[in-house]
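Inspection log for the structure reproduced underneath, given as structure tokens.
The values are calculated or read from the model by the stated rules, or taken from the named source; none is laboratory data. Bear in mind the structure is a predicted one, so any value in this text is a computation, not a measurement. Quick reminder, even Gly has a Cβ in these numbers, built from the backbone with ideal geometry, and neighbours come from all protein chains shown.
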Amino acid sequence: MRDDFFIYIGKNAADKLIGYCQNHDLDQLMLVADDNTYAAAGRQLSATLKAAGFDVRTSLLKGEEITATEQHFVQVLLDTGREERTFIAVGSGSITDITRFVSFHTRSNFIVFPTAASVDGYTSAGAPSVIAGFKKTVMCQSPLAVFGDTDVLSAAPQKMIASGFGDMLGKYIALADWRLGELFWHEARDEAISRRVRVAVDKCVERVSEIGQASPEGIQALMDGLIESGLCMLDANSSRPASGSEHQISHHLEMKLLWQHKPAVFHGTKVGAASVICAAYYDKLRQMSRSEAAKQLDKAQQPSREQYEREISEAYPGIEDKVLAEQESFMSLSAQGYRELKQKIVDRWDDIQEVAASVPSAQQMAGWLRQVGGETELEALGFTSGEIKEAVEYSHLLRNRFNVNKLWHLCGIEIM
Ligand SMILES: [Zn+2]
């Protein structure tokens with residue numbers, strides 16, 4: 001983690017931001033916002049900064065749905081000109097990513113003034129962007145600082161707050177999946193980071209009713225949790241602590257929407273509903289005895305390389321090569337290695353039970369989501385049962401990771 005990383009979440013964040021800029025001699029600033037976030041916080045922030053003597057310019061992005069695309073990168077570049085300025089992203093995920101991208105490519109720094117506790121990506125270094133029609137995460141830079149004002153964050157639309165909470169609930173799945181990856185696929189795992197993420201999500205759940213009411217205390221807990229999750233990803237140098245099977249289902253659906261030129265659905269909203277599906281997998285595991293698992297493993301046939309290739313070209317046309325590369329270690333697993341993996345699953349069934357016991361039930365997860373006004377089913381977000389089935393079936397192919405979905409698709413453990 002960078003030493004100069006500064007985070008403040010609380011009341012009067014604008015004053016803290018001013019103090020920070022004064023202490024760091026940042027007097028030329030470039031605000032980036034859209035109409036909504038300018039009305040929610042940007043206008044007031046700009047006036048406050050100007051009154052304090054700062055030279056402030058603003059890039060106001062137009063459009064119904066702001067996404068991190070070339071069009072917006074260029075607009076911010078043009079609005080900034082060739083002056084050296086410190087950028088301030090006033091908005092949620094996409095505005096932060098646009099600012100992250102432009103500031104990095106102009107060798108400038110940026111600060112985030114979030115307007116919604118909707119994602120855990122504020123502190124990350126990567127900017128998920130759509131470039132030439134394809135979504136990819138472009139490695140850029142982390143912000144110098146984050147100043148979250150709990151009054152601003154509490155006034156965000158409840159569906160954005162529910163999205164942030166959904167992203168947090170996904171951590172229960174991500175942490176359990178990470179442990180499975182360590183147990184069965186020799187994936188490096190950090191116990192201290194796991195514990196930090198667990199504490200962060202537990203604290204959000206403790207405050208679920210306050211988050212549902214968008215009280216400043218509830219929103220503070222949610223934003224603290226999202227920030228901590230983001231910092232854990234930075235410290236792990238991987239999204240592994242915060243992203244498991246539920247994020248893979250969400251990524252799959254997100255790509256499909258993009259390819260079909262359909263409007264996006266909030267990241268955490270999809271993650272929350274997908275977490276209910278994955279929690280149900282762990283419910284099933286908890287009900288399964290070692291002997292039942294052994295019986296199923298015995299019947300399981302190792303998927304052939306041809307099967308991987310067929311499924312990947314069916315599900316991910318246009319990005320087959322990238323997805324195939326992710327699956328190489330699974331495709332090149334020897335017959336002997338496959339037998340050993342199945343035996344290890346039987347031998348370590350107690351560990352699997354312990355992992356499964358760490359995940360709240362699907363019913364519990366859905367109950368929490370309902371409390372914050374979130375959706376519990378992907379159907380309610382406009383996805384057809386065919387699209388959901390496809391996501392559930394193929395999304396394990398998107399990453400070189402062993403998780404609960406691999407336990408099913410690779411090893412034949414029936415959890416559907
Ligand atoms: Zn997420």
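When the residues of segment 271-307 are filtered to those that are among the hydroxyl-bearing types (S, T, Y) and not in a loop (DSSP other than H, G, I, E, B), which remaining residue is farthest from the ligand (Cβ to nearest atom)? Selected residue: S291.
For segment 47-72, the set of residues classified as surrounded by fewer than 21 Cβ atoms within 10 Å (Cβ to Cβ), in contact with a strand residue (DSSP E or B) (Cβ under 8 Å, 6 or more places away or on another chain) and either assigned to a helix (DSSP H, G or I) or of a type in the set (D, E) (or both) consists of L49, K50, D55, E70, listed by residue number. Regarding segment 142-161, can at least one residue be identified that is in contact with a helix residue (DSSP H, G or I) (Cβ under 7 Å, 6 or more places away or on another chain), of a type in the set (G, A, S), within 16 Å of the ligand (Cβ to nearest atom) and within 25 Å of I88 (Cβ to Cβ)? The answer is no, given that none of the residues of segment 142-161 is in contact with a helix residue (DSSP H, G or I) (Cβ under 7 Å, 6 or more places away or on another chain), of a type in the set (G, A, S), within 16 Å of the ligand (Cβ to nearest atom) and within 25 Å of I88 (Cβ to Cβ).
A quick yes/no check of all residues on (1) surrounded by 19 or more Cβ atoms within 10 Å (Cβ to Cβ); (2) more than 15 Å from H251 (Cα to Cα); (3) under 21 Å from the mean Cα position of the chain (by Cα):
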| residue | (1), (2), (3) |
| --- | --- |
| A264 | no, no, yes |
| T269 | yes, no, yes |
| S275 | yes, no, yes |
| A279 | yes, yes, yes |
| R290 | no, yes, no |
| S304 | no, yes, no |
| E311 | no, yes, no |
| S332 | no, yes, no |
| A335 | no, yes, no |
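No other residue among G244, G225, G230, G268 is touching a residue at least 40 places away in the same chain (Cβ under 8 Å), within 16 Å of the ligand (Cβ to nearest atom), farther than 24 Å from Q363 by Cα and of a type in the set (G, A, S) apart from G230.
Taking segment 117-127 as the range and being within 14 Å of the ligand (Cβ to nearest atom) and in contact (Cβ under 8 Å) with a residue 40 or more places away in the chain as the test, the residues that pass are A117, S118, V119, D120, G121, Y122, T123, S124. For segment 176-198, the tally of residues that are among the aromatic types (F, W, Y) and either closer than 20 Å to L226 by Cα or not assigned by TED's automatic domain parsing to the domain that holds I227 (or both) stands at 1.
Yes/no matrix, rows are residues, columns are (1) of a type in the set (A, V, I, L, M, F, W, C); (2) at pLDDT 95 or above; (3) under 30 Å from S154 (Cβ atoms):
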residue	(1), (2), (3)
A335	yes, yes, no
V346	yes, yes, no
V359	yes, yes, yes
T376	no, yes, yes
L381	yes, yes, yes
C411	yes, no, no
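You will find that of W185, W178, the residue that is more than 16 Å from the ligand (Cβ to nearest atom) and not small (G, A, S) is W185 and no other.
Selection of helices (runs of 4 or more DSSP H) fully inside segment 324-372 by the criterion of at least 1 residues being touching a Ser or Thr at 6+ places or on another chain (Cβ under 7 Å) and not β-branched (V, I, T) returns 362-371. What are the residue pairs meeting all of these: first residue in segment 128-143, first residue closer than 29 Å to F6 by Cα, second residue of a type in the set (K, R), Cβ atoms under 8 Å, and 6 or more apart or on different chains? Note: pairs meeting the criteria are P128/K135; P128/K136; S129/K135; S129/K136; C140/R100; Q141/R100; S142/R2; P143/R100. The condition of being surrounded by fewer than 18 Cβ atoms within 10 Å (Cβ to Cβ) and not in a loop (DSSP other than H, G, I, E, B) holds for only one of V102, V138, V146, that being V138. Residues satisfying the criterion are absent from segment 69-76 (criterion: on the phi > 0 side of the Ramachandran plot, in the same structural domain as D149 (by TED's automatic domain parsing) and more than 16 Å from the ligand (Cβ to nearest atom)).
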